[in-house]
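Chemist: I have a structure I would like to understand better, so I am pasting it below and will then ask my questions one at a time.
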Amino acid sequence: MSYQSIIVHTCNSPSAAASYQLAARVALAEGAHLTGFAFSGVRDYIYQTGAAASIVPLGAGDLAFLTEAAEGDLRTFTESLASMNISHLQGRISETSAEHGLPLEARYADLLVIGQECTPTGLVANRHSVARTILVHAPCPVLAVPKGDHGKHTPQDVLIAWDGSMEASRAVRASLPLLKYAATVTVVSYAPPRFFIEEDQPCDALAIYLACHGVEANVIEAPHSTDIGGSLLALAQERACDLLVMGCFGHSRFREIVLGGATERVLAESTIPFFMSR
C-alpha cells in the first residue's frame, strides 16, 4: 500500500503552512501526486445571502474578492513548495466551501491533509469547525497538522491509540505507508477490558500484525483512562512523539461534540500532527 494521490487544503489559517510542508514531505517520500485545493465559497455565499440579494442584486464583480482570496491561497501554496522539486504538483480552485468540497474531492485521494485550524466560512463556527466537519465526512484518511515546525522529514516517532474498534483498525491500516518511515512506533490502549475478549492481548496482537508489514512496534501497558484524549496527548508529549494515529469519533459525533471525547480533545489541544480515519 502507498499514497499515490494526496490532497491538501489551502487556506489562510495559522496551520496552513505547516500542513503544506508535511503534505509535501509525504508526497516526496511516496512519489505521489500532490494537489492543493482552494475553495472560494462563492456558491455558499450566494445561498446564505440569497434573501438579501433579492433586494439588492449582486453584480458580476461583487463576489470577486472571494475568488481572489482563494487564488491568493493557492499561489501561496505553490510558491512555498516550489523549491521542493515535487514532480506532480498542481493547484485547483472550487467555488464551493471547503466543508462541502473537500469530502467530495477526497473520494479520489489516498490521503487528505488539512490544518488543525481552518478558516470557518459558516455564520456559526469556530476555528475547528472545518476540520471537524472534514474528519466526519472524509471518505479517506485525514492527516491534520497544527501550526508550528514539525521537522524536515516524515514523522519519526509515532504513537498509535488502540481500542480494537473498526475506526482504529482502519486508521492503523491506512497509516502503514507513514509507519514504514518511522524510527519508533509505540502502541497503547486505554480502553476498558470489556472492549476485548478475556484472553486477548490487544496491543501485542496489533504489534504482531504490524511486524507482518515490516513495522516494529513497542507496546505500553496502560490502565483504563476516563480521559483517553488527555492521556494520549500527555503520553505523546512525554515520549516526544511527532504523530498520533487513532480512530475518529468512536462514540456518537453529537455526544463527543457536546460532551467531549477523545477526538474532540485531540482536535482542540494536540500540538503534533494526528492521523485519523473513520
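Chemist: Name every residue in region 90-114 that is in a strand (DSSP E or B) and without any contact (Cβ under 8 Å) to a residue 60 or more places away in the chain, in order of residue number.
Modeler: Gln90, Arg92, Ile93, Ser94
Yes/no matrix, rows are residues, columns are (1) in contact with a Gly (Cβ under 8 Å, 6 or more places away or on another chain); (2) basic (Lys, Arg); (3) crowded, with 18+ Cβ neighbours inside 10 Å:
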position	(1), (2), (3)
Thr10	yes, no, yes
Ser15	yes, no, yes
Arg25	no, yes, yes
Leu28	no, no, no
Gly31	no, no, no
Thr35	yes, no, yes
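Chemist: Sticking with this structure for a sec: Evaluate region 128-145: report whether one residue or more is surrounded by fewer than 19 Cβ atoms within 10 Å (Cβ to Cβ) and in contact with a Lys or Arg (Cβ under 7 Å, 6 or more places away or on another chain).
Modeler: yes
Chemist: Please work out which residue is nearest to the chain's Cα centre (by Cα), limiting yourself to region 185-230 and to residues that are among the hydroxyl-bearing types (Ser, Thr, Tyr) and modelled with pLDDT of 95 or more. Break it down into steps so the answer makes sense when it comes.
Modeler: First, the residues of region 185-230 that are among the hydroxyl-bearing types (Ser, Thr, Tyr): 186, 189-190, 209, 225-226.
Those still in the list that are modelled with pLDDT of 95 or more too: 186, 209.
On the way: Thr186: 20, Tyr209: 24 Å.
Here the residue is Thr186.
Chemist: Let me ask something else. Quick check on this structure: which one of Glu117, Glu99 is at pLDDT below 95, in contact with a helix residue (DSSP H, G or I) (Cβ under 6 Å, 6 or more places away or on another chain) and of a type outside the set (Phe, Trp, Tyr)?
Modeler: On the way: Glu117 fails: in contact with a helix residue (DSSP H, G or I) (Cβ under 6 Å, 6 or more places away or on another chain).
Residue meeting the stated conditions: Glu99.
The values are calculated or read from the model by the stated rules, or taken from the named source; none is laboratory data. Just so you know, these numbers come straight off a predicted model, no measurement behind them. With ideal geometry, Cβ positions are generated from the backbone for all residues, glycine too; neighbour counts draw on all protein chains shown.
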